[in-house]
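Trainee: There's a structure below that I have some questions on.
No lab work stands behind these numbers, since they all come straight from the coordinates. Since we're looking at a predicted model, the values are computed, not measured. Reconstructed Cβ throughout: ideal geometry from the backbone, glycine too, with neighbour counts over all protein chains shown.
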Amino acid sequence: MSTATITAPPKAPAPQTKPVSEEGRIGLRGNLRHIGALARRNTLQIKADPESMFDVLLMPIIFILLFTYVFGGAIAGKGNQGDYVNYLVPGMMAMMGMNISMAVGTGVNDDFKKGVMDRFRSMPIARSSVLIAKIVVEIGRMMVATSILLIMGFILGMSIQTSVLGLLAAVGLSLVFGASLMWIFILLGLTMKTAQAVQGMAMLVMMPLQFGSSIFAPPTSMPGWLQSFTDYNPLSNLADAARGLMMGGPVAHSVFLTLGWAVAITVLTAPLAIRKFRDKT
Amino acid sequence: MTRIDKNPSNGANAVEVRGMVKHYGETKALDGVDLDVREGTVHGVLGPNGAGKTTLVRVLSTLIQPDSGTAMVAGYNVLTQPRQLRRVIGLTGQYASVDEKLSGWENLYMIGRLLDLSRKEARRRSDELLERFSLTEAAKKAAMTYSGGMRRRLDLAASMIGQPSVLYLDEPTTGLDPRTRNEVWDEVKRMVAEGATVLLTTQYMEEAEQLAGELTVIDKGKVIANGGVNALKAKVGGRTLQIQPSDPSQLTAMAIAINDAGLDGLAGSQAVPDDGLLNVPILSDEQLTAVVGLLGARGFGITNIGTHLPSLDEVFLAITGEKPADAAEDIVSDAIPQEVSV
């Protein structure tokens with residue numbers, strides 16, 4: 001191709017760079033303000049699209065009814081569904097955390113399809129604040145789901161055997177673990193091409209983890225190889241820990257394992273997710 | 001307000017790009033682009049789809065890293081000072097970069113808070129910009145219910161919240177109807193009148209002529225022409241004057257009359273009867289008046305006249321001798337006829 005230049009492009013030397021200073025740094029207060037503004041955005045999105053709360057509002061109700069009345073009799077003996085509720089609710093707290101944190105992955109994937117992410121990324125904010133705001137709102141959603149689950153549990157005859165403190169500790173532990181799972185789903189959301197793919201992949205991971213665990217039934221009746229899986233399945237650890245905290249029994253081992261899992265997952269996936277988020281174009 | 005002043009010296013360059021290269025696999029999206037944008041001006045980057053316009057804007061807004069080359073914007077090095085740079089730039093992309101689930105007001109307020117405005121200041125600025133972009137009535141409605149033009153206006157408003165010293169507009173009117181397009185143009189002119197430097201990418205010669213003083217034409221990642229809009233137009237042949245005679249049989253006579261008159265500056269121009277129209281390439285309004293006057297003086301009747309700007313195709317043809325690579329579908333509608341009242 002011939003190049004016809006009307007006036008030669010100026011070849012002036014580039015002006016000297018301004019000194020690299022601290023003026024671009026974002027302080028803690030600034031970061032908190034940005035996370036607040038973005039969390040407000042995510043909350044307003046829920047307001048604009050109330051259907052996105054269906055998982056949080058309906059899942060605990062439907063699942064607890066299903067498991068209590070479909071499996072409860074078989075596991076605990078006919079007429080003993082009430083005992084099974086005491087076993088099931090702490091386990092379901094572990095399950096809910098995983099199911100709800102999945103939404104964060106599809107949300108992140110969706111955001112990248114829209115131009116709004118370009119705007120955030122061209123603005124003077126820490127790029128992690130977009131992700132942290134999502135996690136903050138998602139933890140709020142988990143708290144709503146957990147409350148509904150507990151209310152349903154009480155209606156179906158659950159009784160806390162320890163104390164309110166034990167209950168709060170169990171809720172807190174499941175939130176901490178759920179928050180760590182979100183980094184995995186964020187990573188998935190940033191890696192997969194479509195929100196549907198994220199969901200499909202997440203289901204594939206979730207089903208064996210949830211059912212190959214002590215969430216729904218004590219693993220004592222499972223074959224040995226499966227028992228060794230459930231023993232180290234973080235969802236079992238969390239379910240056992242929550243059960244101990246709410247219903248009594250040994251907790252130290254399972255609480256320690258759950259916290260270990262949460263820390264390990266966060267340390268491994270959060271930096272990867274943030275880097276992926278930063279480099280994604 | 002965290003606005004950082006532009007480079008204080010007058011007539012300095014707000015944007016300086018040198019040897020910018022960006023590959024996507026085998027494709028060279030940018031192949032050694034140099035670009036200078038003077039402060040306080042609108043600089044047009046004209047090129048067909050896939051020429052590298054959007055890649056250039058994305059590099060300059062710190063969204064992607066180039067493979068090589070340097071860029072200074074508002075005194076900051078794009079590659080080493082992205083955080084500082086993000087405080088002084090605004091970006092309006094080809095696709096609306098607002099949150100569609102949020103209302104117009106919520107979008108602007110959120111961006112104000114992200115730019116570290118106080119709550120009060122963010123509220124004030126949101127109200128003010130909605131008013132200015134005629135969106136007050138729709139302020140509380142979700143952006144997804146907005147028409148294309150309203151969305152683009154909201155997008156521009158969002159880019160103006162931080163009062164950026166350099167504004168990137170990436171094909172701001174692609175896909176808009178002519179009326180909405182004019183609204184967007186008016187807003188861009190206002191922004192420039194207020195002192196912003198604008199880097200505008202476009203596929204439309206008419207848009208470049210309306211808004212830009214200087215123009216850089218790029219194709220396949222390379223700069224193929226650089227200069228003032230008028231200089232480029234002179235090179236390409238300016239506008240084409242289309243005349244419809246009252247009596248079609250007089251077409252040839254009219255063409256001969258114009259060519260024989262030897263009007264100043266029209267030497268060598270061809271008046272060719274085509275589809276019952278007389279096409280006369282002109283470079284200035286004076287020539288338009290002269291041609292019409294000449295035909296009137298000779299007693300030819302005219303029922304309709306109009307002018308149209310050279311299309312991107314014609315620009316490329318004049319500069320490179322070939323049509324732009326993928327112009328086939330997208331650029332056909334480029335020549336937007338302008339009715340002229342005489």
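Trainee: How long are the semi-axes of the equivalent ellipsoid of segment A:218-281, taking √(5λ) for every eigenvalue λ of the Cα gyration tensor, in whole Å from largest down?
Mentor: 31, 16, 8
Trainee: To the nearest 10 degrees, how steep is helix A:234-247 against the longest Cα principal axis of chain A, on a 0 to 90 scale?
Mentor: Taking Cα atoms only, the helix is inclined about 50 degrees.
Trainee: FRET efficiency for residue B:70 and residue A:143, Cβ-Cβ distance as r, R0 = 60 Å, nearest 0.05?
Mentor: Working: r = 49 Å, r/R0 = 0.82.
Using R0 = 60 Å, I get an efficiency of 0.75.
Trainee: Further question: Cut-off is 10 Å between beta-carbons; in what order do A:192, B:254 appear when sorted fewest neighbours first?
Mentor: Ordered by Cβ neighbours within 10 Å, fewest first: A:192, B:254.
Trainee: Treating the beta-carbon of each Lys and Arg as +1 and of each Asp and Glu as -1, no other charges, what is the dipole magnitude of chain A about its Cα centre, to the nearest 20 debye?
Mentor: Here chain A has a charge dipole of around 1180 debye.
Trainee: With viscosity set to 1.002 mPa s at 20 °C, what whole-number translational diffusion coefficient in µm²/s follows for segment A:164-281 from Stokes-Einstein and a Kirkwood radius over Cα pairs?
Mentor: Translational D for this selection: 139 µm²/s.
Trainee: Short version: ³J(HN,Hα) in whole Hz for each residue of segment B:167-172, in order, from phi by Karplus 6.51 cos²θ - 1.76 cosθ + 1.60 (θ = phi - 60°), x for Gly and Pro, what are they?
Mentor: 3J(HN,Hα) across segment B:167-172, in whole Hz: 10, 9, 10, 9, 6, x.
Trainee: Read phi for every residue in segment A:64-73 and hand back ³J(HN,Hα) as whole Hz from Karplus 6.51 cos²θ - 1.76 cosθ + 1.60, θ = phi - 60°, with x for Gly and Pro.
Mentor: With the stated coefficients, segment A:64-73 comes to 5, 5, 4, 5, 5, 8, 7, 9, x, x Hz.
Trainee: About the Cα centre of segment B:13-233, how large is the charge dipole given +1 on each Lys and Arg Cβ and -1 on each Asp and Glu Cβ? Please answer in debye to the nearest 20.
Mentor: 600
Trainee: Using only the alpha carbons of segment A:28-279, determine the length spanned along each of the three principal axes and report them from longest to shortest in whole angstroms.
Mentor: Ordered largest first, segment A:28-279 gives principal extents of 60, 37, 34 Å.
Trainee: In bins 10 Å wide, starting from 0, what share of all Cα pairs of segment B:157-215 does each bin hold, as a percent?
Mentor: Using 10 Å bins, I get a P(r) of 22, 60, 18 for segment B:157-215.
Trainee: Using the Cα atoms of the protein assembly as shown, I'd like the radius of gyration and the largest Cα-Cα distance, Dmax, both in angstrom.
Mentor: Using the Cα atoms of the protein assembly as shown, the pair Rg, Dmax is 32.1, 110 Å.
Trainee: Of A:26, B:37, B:244, which is farthest on the positive side of the dipole of the protein assembly as shown, counting Cα position, with +1 on Lys and Arg Cβ, -1 on Asp and Glu Cβ, and the Cα centre as origin?
Mentor: So the residue we want is A:26.
Trainee: Right, here's the next one. Note down the Stokes-Einstein diffusion coefficient of segment B:13-233 in µm²/s, whole number, using a Kirkwood radius over alpha carbon pairs, 4 °C, and 1.567 mPa s.
Mentor: D = 73 µm²/s.
Trainee: Just to be sure I understand: with springs between alpha-carbon atoms less than 10 Å apart, which residue in A:105, A:178, A:82 has the highest mean-square fluctuation in the Gaussian network model of chain A?
Mentor: A:82
Trainee: Taking only C-alpha pairs under 8 Å that are 6+ residues apart, what is the relative contact order of chain A in percent?
Mentor: With pairs under 8 Å counted, the relative contact order is 25 percent.
Trainee: Taking a quarter of the surface of the convex hull around the Cα atoms of segment B:88-179, what do you get in nm²?
Mentor: For segment B:88-179, averaging the hull's shadow over all directions gives 5.6 nm².
Trainee: Taking amide H positions as placed 1.01 Å from N in the peptide plane, with prolines and chain starts having none, which residues 5 or more places from residue B:224, or on another chain, fall under 5 Å of its amide H?
Mentor: B:217, B:218, B:219
Trainee: Another question, if that's okay. Round to a whole angstrom and tell me the spacing of the C-alpha centers of segment A:64-131 and segment B:47-109.
Mentor: Between the Cα centres of segment A:64-131 and segment B:47-109 lies a distance of 35 Å.
Trainee: Oh, and also: Nothing charged except the Cβ atoms of Lys and Arg (+1) and of Asp and Glu (-1): what's the magnitude of the dipole of the protein assembly as shown about its Cα centre? Round to the nearest 20 debye.
Mentor: Once rounded to the nearest 20, the dipole reads 2620 debye.
Trainee: On C-alpha positions alone, give me the angle between the axis of helix A:128-155 and the longest principal axis of chain A, in degrees, nearest 10.
Mentor: Computed tilt is about 20 degrees.
Trainee: Shifting gears a bit: Past the 29 Å Cα-Cα mark, which pairs from A:193/B:222; A:276/B:120; A:134/B:140; B:101/B:222?
Mentor: Beyond 29 Å: A:193/B:222; A:276/B:120; B:101/B:222.
Trainee: Continuing with the same structure: With runs of 4+ DSSP H residues as the only contributors, calculate the mean residue ellipticity of the protein assembly as shown at 222 nm using -39,500 (n - 2.57) per run, divided by the residue total and rounded to the nearest 500.
Mentor: Theoretical 222 nm ellipticity from helices: -16500 deg cm²/dmol.
Trainee: Taking the Cα atoms only, what angle lies between the long axis of helix A:164-191 and the longest principal axis of chain A, rounded to 10 degrees?
Mentor: On a 0 to 90 degree scale, this one is about 40.
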